[in-house]
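Structure in C-alpha cells, see below.
The values are calculated or read from the model by the stated rules, or taken from the named source; none is laboratory data. Quick caveat, the model's predicted, so the values are computed rather than measured. Cβ atoms come from the backbone with ideal geometry, glycine included; neighbour counts cover every protein chain shown.
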Amino acid sequence: MVTEQYWFIFLNAALINNFVLSSFLGICPFLGVSGKISTASRMGAAVAFVMLIASLSAYAIHQALVALNAEYLQLISYIVVIASAVQLVEMVIKKFSPALFRALGIFLPLITTNCAILGLALFQTNRHYDFFQSLSFALGAGAGFTIALVVMAGIREELQLSSVPDVLKGAGITLMVAGILSMAFMGFAGLGGNG
Amino acid sequence: MSEERIQSEKMAIFLKGLWKENPVFVMLLGMCPTLAVTNSVTNALVMGVATMAVLTLSNILVSSLRKLIPAQVRIATYILIIATFVTVADYAIKAASLEVHKALGAFIALIVVNCIILGRAEAFASKNSVGKAALDGLGMGLGFTFALFLLGAVREVLGNGSFLGMPLFGERFQPVTLMILPGGAFFVLGAYLLLFNWLKKRKAEKEEEKIVFFTGEESI
Amino acid sequence: MSETGIPIQAPPSVGGSRLMLAMGSVGFIAGILIVFTFQFTQPIIKANEKAFLEQSIFEVFPQTAYKKVFTPDENGVLQPVAEDAEVPYKIYACYDAHHALTGVVLGASGQGFQDVIHLIYGYDPRQQAIVGMKVLQSTETPGLGDKINNDPKFLSNFKHLDVRLNSAGDALRAPVTLIKGARQNNHQISAITGATISSRAVARMIAQSAAINIPLIYKNLKRLEEAGNE
C-alpha cells in the first residue's frame, strides 16, 4: 500500500527526515569524522557508495528469505552481507584506484559498524519498498548523510577560530551545533508534504 | 590474592561502567540509540535493558569461546554472536509487548551495530574469564541504561510534562516540545556532557589545590 | 570509535580446517538459538497481534459479535478468505449478534512524519460515512505527531466523516480533504495544530483508500450482508 513517489522518498531520506539529524543513524562518524570538510566529504562518498550496494543486496536477500520462509535470519544475513560488501568495496577500490584507496584509508572498515547502513537496509524492508523505491531511498540516504557531514565539518572548521568555553570543548559543542542543525532541518518538513 | 582483594576487583569491574568509564558520557559510544529512543522514559529503559541483556550474554559467550576462536575470524564471529542475541531479544520484546516493540521499531535490531557491544567483546570479554566478562557486561549495560534514563527523564518531563507516561503537571502546563524533537536530544546530551566535564574539571582543580596545600605544608 | 579499533597484531597461523570448524560451531550455536526462540515466541506474537487487531476492530464497532475477512479479486468482487491468508489487502466485515452487517473495517498505511503509519477505519454502509479510526502503528513524535492517536478533537473528525457516493456509485461525491481550523463540512478533516504533517498523512491515507474501496464495498454490499448468515 506504499504509494510514494520516487522523488519523495529521495527528498525524505535526504532532507526531511535526514538520516543523521532526524533519524539518528550514523552518529559515530558524524561526531568523529566531521572535523574537516575534505575528510568529511570523502567519508560521505564512501558511505553513500556502500549504502547503494547494501540496499541492493538487502533487497535481494529479503526476496530470497521470503521465498525460503526464513525471515528470522534477516538480521544476521544483513550484517554479514554488509560486512562482506565493505570488504569487497575495499578490495575493488584498492585494485582499480589506489589513489582513492589511500584517500579513504581507515574509513572503509569503520563503515561496517555504521548503523546508517544497517538502518537503511532494515527501514527499506520494514516499509516494503520495491526495487526502485529502495534505490531512491539508498541514494537519498547517502546524499543526506554526506550533506549532514559536510555542513557539520564546515561549521566545525569555523568553530576552531572562535573561543569556546573550556567545559564545552569537544563533543559538547559539536552536539549543541548538531541540535541547532537538526532544528534547521526541521524547516524542510513542509517539503513534499502535499505529495 | 586474598578473598577481599578478589571481591573488590570484581566490584571495580562492575562499577567502572556506571561512572568512570560510562559508555555514553565518557566513552561516547552507542550514540545512535542514546539519541533516538530517549523521547520517553519507558522507551529509554526498555532499550537500556535490552542492550544490557545482549551485552552480558554476548560477553559470556565470547569469553567462554575465547580459546576456540581463531584470531583471524574473531570479529566476524563476534558479530555473528551479537546478531544472534539481538534477534533473540527482538523476538522476546515482540512477544512480551507489541506496543513497546512498535515504539522502538528498527532500533532494537540496530543494537547489532552498537559500538559498545563489539567494543566490549574485543576489549574485555576476549581476554577475561567468563565471570569477569559477565560482570563487565552487566556494569557497562547498567551504565548505558543509567545514561539513557537520565536523558529520557529530562526529555519526557520537559517535553511532554509526564514521567513514565503519567502526567506530572496540571492542564495549564505548556510542554517544551523542542525537547522531544530530534534537536532536543542533541541539546540534552550536550548539556549532560557539559555537566560531566565541569564535574571532572572541578574535581581535578580540587586535587590540585590539595597538592599545593600539602607541598606548602612541607615547605614550612 | 577508536576504542573498537582492531589492534594490529600478527595472528598465530591457524589451519583452514580449524577456521572452518570454529566458524561452523559458532554458526551452529547461533542457528539453534535463533530457531528455538523463533519457534517459542512466534505463537505468542501471532496471538498478540490477533488480539490487538480484534481489540482495535471492536473499538471501532463495539457491537461486533463476529467478523469475516474478504479480499478483492481481479474483477473487483470481494471474495471471502481465511483470516490468516496471505493476501495483499484485507477487508473485515463485522456482524452483530443478529447476523446483521454493522460495518466494514478497512486498513490503510502511508508515510507519516517519521515513519510509516498503519491505521484502520470503520465504514458504516447505512450512514454512508466513516464512523471510527484507530492508529495501529506509528512512530510519530510523542506529544506532537502522536496526537493523531489520542487527541479527542482530531478523533472526533472520524465519528462521522461523510463518504457518500455520487449518483453513478463509482466515486465519492466529495473527496475527503484536510482543512486547517474548524471543519465546515462533514467530508473534511480538521488538522491538529502543531502536527499538520501527521494529520495530513492520515487524511491522505484515508482519502486514497476511501476513494478506491468505498465504491468497491458499495458494489459488493449484498454479498457482504448475505455472508453474515452463513
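Which of the residues belonging to region B:163-207 are in contact (Cβ under 8 Å) with a residue 24 or more places away in the chain and of a type in the set (Ser, Thr, Tyr)?
Of everything in region B:163-207, just one residue is in contact (Cβ under 8 Å) with a residue 24 or more places away in the chain and of a type in the set (Ser, Thr, Tyr), namely B:Tyr192.
Okay, moving on. Within the set of pairs 6+ apart or on separate chains, which have a first residue in region B:70-90 that is at the interface with another protein chain (Cβ under 7 Å from one of its Cβ atoms) and more than 18 Å from C:Gly16 (Cβ to Cβ), a second that is of a type in the set (Ser, Thr, Tyr) and surrounded by 23 or more Cβ atoms within 10 Å (Cβ to Cβ), and C-beta atoms under 9 Å apart?
B:Ile79/A:Thr113; B:Ile81/B:Ser58; B:Ala83/A:Tyr78; B:Thr84/B:Ser58; B:Val86/B:Ser58
Residue by residue through region A:33-74, note down the ones that are without any contact (Cβ under 8 Å) to a residue 12 or more places away in the chain and buried (at least 18 other Cβ atoms within 10 Å of the Cβ).
Passing the criteria: A:Tyr72, A:Leu73.
Could you go through region A:90-107 and let me know if any residue there is modelled with pLDDT under 80, within 23 Å of A:Ser23 (Cβ to Cβ) and either acidic (Asp, Glu) or crowded, with 18+ Cβ neighbours inside 10 Å (or both).
Yes, region A:90-107 contains at least one residue that is modelled with pLDDT under 80, within 23 Å of A:Ser23 (Cβ to Cβ) and either acidic (Asp, Glu) or crowded, with 18+ Cβ neighbours inside 10 Å (or both).
Would you point out the residue of region C:131-143, among those that are within 18 Å of the chain's Cα centre (by Cα) and either of a type in the set (Gly, Ala, Ser) or assigned to a loop (DSSP other than H, G, I, E, B) (or both), that is surrounded by the most Cβ atoms within 10 Å (Cβ to Cβ)?
Out of the qualifying residues, it is C:Ser138.
Looking at A:Val177, A:Val80, A:Val167 in this structure, which one is surrounded by fewer than 21 Cβ atoms within 10 Å (Cβ to Cβ), closer than 24 Å to B:Leu193 by Cβ and without any contact (Cβ under 8 Å) to a residue 24 or more places away in the chain?
Answer to the check: A:Val167.
Considering region B:23-34 alone, what residues qualify as being hydrophobic (A, V, I, L, M, F, W, C), at pLDDT below 85 and part of a loop (DSSP other than H, G, I, E, B)?
Once the filter is applied, which keeps residues that are hydrophobic (A, V, I, L, M, F, W, C), at pLDDT below 85 and part of a loop (DSSP other than H, G, I, E, B), region B:23-34 yields B:Val26, B:Met27, B:Leu28, B:Leu29.
Quickly run through region A:1-32 and pick out the residues that are among the aliphatic types (A, V, I, L, M), more than 14 Å from chain B (Cβ to nearest Cβ) and either surrounded by fewer than 19 Cβ atoms within 10 Å (Cβ to Cβ) or touching a Pro at 6+ places or on another chain (Cβ under 7 Å) (or both).
A:Met1, A:Val2
Is there a residue being within 18 Å of C:Thr64 (Cβ to Cβ), surrounded by 17 or more Cβ atoms within 10 Å (Cβ to Cβ) and under 13 Å from the mean Cα position of the chain (by Cα) anywhere in region C:144-158?
Within region C:144-158 (the criterion being within 18 Å of C:Thr64 (Cβ to Cβ), surrounded by 17 or more Cβ atoms within 10 Å (Cβ to Cβ) and under 13 Å from the mean Cα position of the chain (by Cα)), the answer is no, since none of the residues qualifies.
Kindly list, by first and then second residue, each pair from a residue in region C:49-72 that is under 14 Å from C:Ala227 (Cβ atoms) to a residue that is among the polar types (S, T, N, Q) and not in a strand (DSSP E or B), limited to pairs with Cβ atoms under 8 Å and residues at least 6 apart or on different chains.
C:Phe70/C:Asn220
Ok, one more. Considering each of C:Ser167, C:Ser190, C:Ser198 in turn, give the residue that is assigned by TED's automatic domain parsing to the domain that holds C:Val116, more than 23 Å from B:Glu156 (Cα to Cα) and either modelled with pLDDT of 85 or more or surrounded by 21 or more Cβ atoms within 10 Å (Cβ to Cβ) (or both).
On the way: C:Ser167 fails: either modelled with pLDDT of 85 or more or surrounded by 21 or more Cβ atoms within 10 Å (Cβ to Cβ) (or both); C:Ser198 fails: more than 23 Å from B:Glu156 (Cα to Cα).
Answer to the check: C:Ser190.
Also, I was wondering about something else. Looking at (1) more than 12 Å from A:Ala46 (Cβ to Cβ); (2) crowded, with 17+ Cβ neighbours inside 10 Å, which is the one condition that is false for A:Ala116?
With respect to (1) more than 12 Å from A:Ala46 (Cβ to Cβ); (2) crowded, with 17+ Cβ neighbours inside 10 Å, A:Ala116 is out only on (1).
Identify, from the list C:Val135, C:Val131, C:Val116, the residue that is over 19 Å from B:Ser97 (Cβ atoms) and touching a residue at least 60 places away in the same chain (Cβ under 8 Å).
Among C:Val135, C:Val131, C:Val116, only C:Val131 is over 19 Å from B:Ser97 (Cβ atoms) and touching a residue at least 60 places away in the same chain (Cβ under 8 Å).
Taking only pairs six or more apart or across chains, which ones have beta-carbon atoms under 9 Å, a first residue in region B:1-25 that is farther than 26 Å from A:Gly170 by Cα, and a second residue that is assigned to a loop (DSSP other than H, G, I, E, B) and of a type in the set (S, T, N, Q)?
The qualifying pairs are B:Ile13/B:Asn128.
Let me ask another. Can you name the number of the only condition in (1) crowded, with 24+ Cβ neighbours inside 10 Å; (2) more than 18 Å from B:Phe124 (Cα to Cα); (3) within 12 Å of chain C (Cβ to nearest Cβ) that B:Pro33 fails?
Against the list (1) crowded, with 24+ Cβ neighbours inside 10 Å; (2) more than 18 Å from B:Phe124 (Cα to Cα); (3) within 12 Å of chain C (Cβ to nearest Cβ), B:Pro33 comes up short only on (3).
Which of the numbered conditions does A:Ile93 fail, given that it passes all the others? Conditions: (1) within 14 Å of chain C (Cβ to nearest Cβ); (2) farther than 30 Å from C:Ile34 by Cα.
Only one criterion is unmet by A:Ile93, namely (1).
Any chance region B:160-181 includes a residue that's more than 13 Å from chain A (Cβ to nearest Cβ), within 30 Å of A:Ser22 (Cα to Cα), in a helix (DSSP H, G or I) and modelled with pLDDT under 85?
Among the residues of region B:160-181, at least one is more than 13 Å from chain A (Cβ to nearest Cβ), within 30 Å of A:Ser22 (Cα to Cα), in a helix (DSSP H, G or I) and modelled with pLDDT under 85, which makes the answer yes.
Another question, then. Check A:Leu110 against each of (1) surrounded by 14 or more Cβ atoms within 10 Å (Cβ to Cβ); (2) free of Cβ contacts under 8 Å to residues at least 60 places away in the same chain; (3) more than 9 Å from chain B (Cβ to nearest Cβ) and name the one condition it does not meet.
(2)
Assigned to a helix (DSSP H, G or I) and more than 30 Å from B:Leu168 (Cβ to Cβ): does that describe B:Leu15?
On the way: assigned to a helix (DSSP H, G or I): yes; more than 30 Å from B:Leu168 (Cβ to Cβ): yes.
Taking the combined requirement at face value, the residue satisfies it.
Please pick out the residue among B:Ala134, B:Ala121, B:Ala95 that is surrounded by fewer than 22 Cβ atoms within 10 Å (Cβ to Cβ), assigned to a helix (DSSP H, G or I) and under 16 Å from the mean Cα position of the chain (by Cα).
That would be B:Ala134, the only listed residue that is surrounded by fewer than 22 Cβ atoms within 10 Å (Cβ to Cβ), assigned to a helix (DSSP H, G or I) and under 16 Å from the mean Cα position of the chain (by Cα).
For region A:1-89, which fully contained helices (runs of 4 or more DSSP H) count at least 1 residues that are farther than 19 Å from A:Ser134 by Cα? Outline the logic, then answer.
On the way: elements: A:6-11, A:27-32, A:37-68.
Hits in region A:1-89: A:27-32, A:37-68.
How many residues, within region A:120-153, are among the β-branched types (Val, Ile, Thr) and touching a helix residue (DSSP H, G or I) at 6+ places or on another chain (Cβ under 6 Å)?
Pass one, region A:120-153, residues among the β-branched types (Val, Ile, Thr): A:125, A:146-147, A:150-151.
Next, from what is left, pick out any that are touching a helix residue (DSSP H, G or I) at 6+ places or on another chain (Cβ under 6 Å): A:125, A:146, A:150.
Total satisfying the criteria: 3.
In region C:200-224, how many residues are assigned to a helix (DSSP H, G or I), touching a residue at least 24 places away in the same chain (Cβ under 8 Å) and either away from every other protein chain (no Cβ under 13 Å) or hydrophobic (A, V, I, L, M, F, W, C) (or both)?
Here is the first cut: in region C:200-224, the residues assigned to a helix (DSSP H, G or I) are C:200-219, C:221-224.
Remaining after also requiring touching a residue at least 24 places away in the same chain (Cβ under 8 Å): C:201-211, C:213-219, C:221, C:223-224.
Within this subset, residues satisfying the condition of being either away from every other protein chain (no Cβ under 13 Å) or hydrophobic (A, V, I, L, M, F, W, C) (or both) are C:201-203, C:205-207, C:210-211, C:214-219, C:221, C:223-224.
Summing the residues that are assigned to a helix (DSSP H, G or I), touching a residue at least 24 places away in the same chain (Cβ under 8 Å) and either away from every other protein chain (no Cβ under 13 Å) or hydrophobic (A, V, I, L, M, F, W, C) (or both) in region C:200-224 gives 17.
Another question, then. Read through the list (1) surrounded by 21 or more Cβ atoms within 10 Å (Cβ to Cβ); (2) more than 11 Å from every other protein chain (Cβ to nearest Cβ); (3) outside any helix (DSSP H, G or I), then give the number of the only condition that B:Lys20 fails.
All conditions are met except number (1).
Checking A:Phe132 against (1) free of Cβ contacts under 8 Å to residues at least 40 places away in the same chain; (2) away from every other protein chain (no Cβ under 13 Å); (3) surrounded by fewer than 18 Cβ atoms within 10 Å (Cβ to Cβ): exactly one of these is not met. Which one?
Status for A:Phe132: all satisfied but (1).
Give me a count of the residues in region B:45-69 that are small (Gly, Ala, Ser) and within 12 Å of chain C (Cβ to nearest Cβ).
2
If you don't mind, there's one more thing I want to ask. Please list, ordered by residue number, the helices (runs of 4 or more DSSP H) wholly in region A:106-195 having 2 or more residues that are polar (S, T, N, Q). Show your work before the answer.
Numbers: elements: A:107-110, A:115-126, A:131-159, A:171-186.
The helices (runs of 4 or more DSSP H) meeting that bar are A:115-126, A:131-159, A:171-186.
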